[in-house]
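Beneath this line is the structure, given in C-alpha cells, with notes to follow.
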Amino acid sequence: MSVKIRVVQDQRTVSRVLARMDCQCIIGGQSHDAQVINLSLKGAYLSAKFHPPKSSDVEIALKTSLLKKTLILEGKVLRVGMGMSENGNRYRFGVRFHYSPLELTELINKLISQPKSFSGF
C-alpha cells in the first residue's frame, strides 16, 4: 500500500507583515473604521465591524507615525469572512491593491524593523 503525500505550498508571491494598524476604509463613498491585520506589497487583510461587498472597490487611508503623511491605498475586496477578536465578532476581508506606491514599501520596511511590541497606532 502506498500513501501519496501532498505538499501544500504558499502561493503568495510576496510575504505578509503583521501590521495591526487603524485605518479608514472608503467603500461606495462611505467611510468606515477598520484595522489592517497584515500587509504586503500586493494587498492587505483587514478587520472591521462592517460587511464590505465582495469585488467592491475600496480606498484604505492609513495614518501612522511611521510615515510623514497619510498613505492612501486603492484596491478591490477579494474575499470576506467572519472572525473573533478581543472586540467581538468582526468581518475579515482581503484586499488586493491596484498598485503599490513607494510609501507602501517604506512602511513595510519600517514595520519589519520595529520591535514586536510596536502596535502601529
Collect the residues in segment 56-90 that are hydroxyl-bearing (Ser, Thr, Tyr) and at pLDDT 95 or above, keeping them in residue-number order. SER56, THR70
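Can you name the residue in segment 36-82 that is among the small types (Gly, Ala, Ser) and surrounded by fewer than 12 Cβ atoms within 10 Å (Cβ to Cβ) and, of all such residues, is nearest to CYS25 (Cα to Cα)?
Start the filter on segment 36-82 by keeping residues that are among the small types (Gly, Ala, Ser), which leaves 40, 43-44, 47-48, 55-56, 61, 65, 75, 81.
With surrounded by fewer than 12 Cβ atoms within 10 Å (Cβ to Cβ) added as a condition, the list becomes 55, 65, 81.
Working: SER55: 14, SER65: 19, GLY81: 17 Å.
Looking at the filtered set, the residue picked out is SER55.
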The listed residue being hydrophobic (A, V, I, L, M, F, W, C), within 14 Å of GLU106 (Cα to Cα), touching a residue at least 24 places away in the same chain (Cβ under 8 Å) and in a loop (DSSP other than H, G, I, E, B), out of LEU66, LEU73: LEU66
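Could you say which residue among LEU78, LEU41, LEU46 is within 13 Å of the chain's Cα centre (by Cα) and part of a loop (DSSP other than H, G, I, E, B)? Write out each step before concluding.
Details: LEU78 fails: part of a loop (DSSP other than H, G, I, E, B); LEU46 fails: part of a loop (DSSP other than H, G, I, E, B).
One residue alone meets the criteria, LEU41.
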Can you go through ARG79, ARG92, ARG96 and tell me which one is touching a residue at least 24 places away in the same chain (Cβ under 8 Å), in contact with a Ser or Thr (Cβ under 7 Å, 6 or more places away or on another chain) and among the basic types (Lys, Arg)? ARG92
Conditions (1) surrounded by fewer than 15 Cβ atoms within 10 Å (Cβ to Cβ); (2) closer than 14 Å to GLY43 by Cα; (3) of a type in the set (Gly, Ala, Ser) -> GLY88 fails only (2)
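The values are calculated or read from the model by the stated rules, or taken from the named source; none is laboratory data. Keep in mind it's a predicted model, so treat the numbers as computed, not measured. Neighbour counts run over all protein chains shown; Cβ positions are idealised from the backbone, glycine included.
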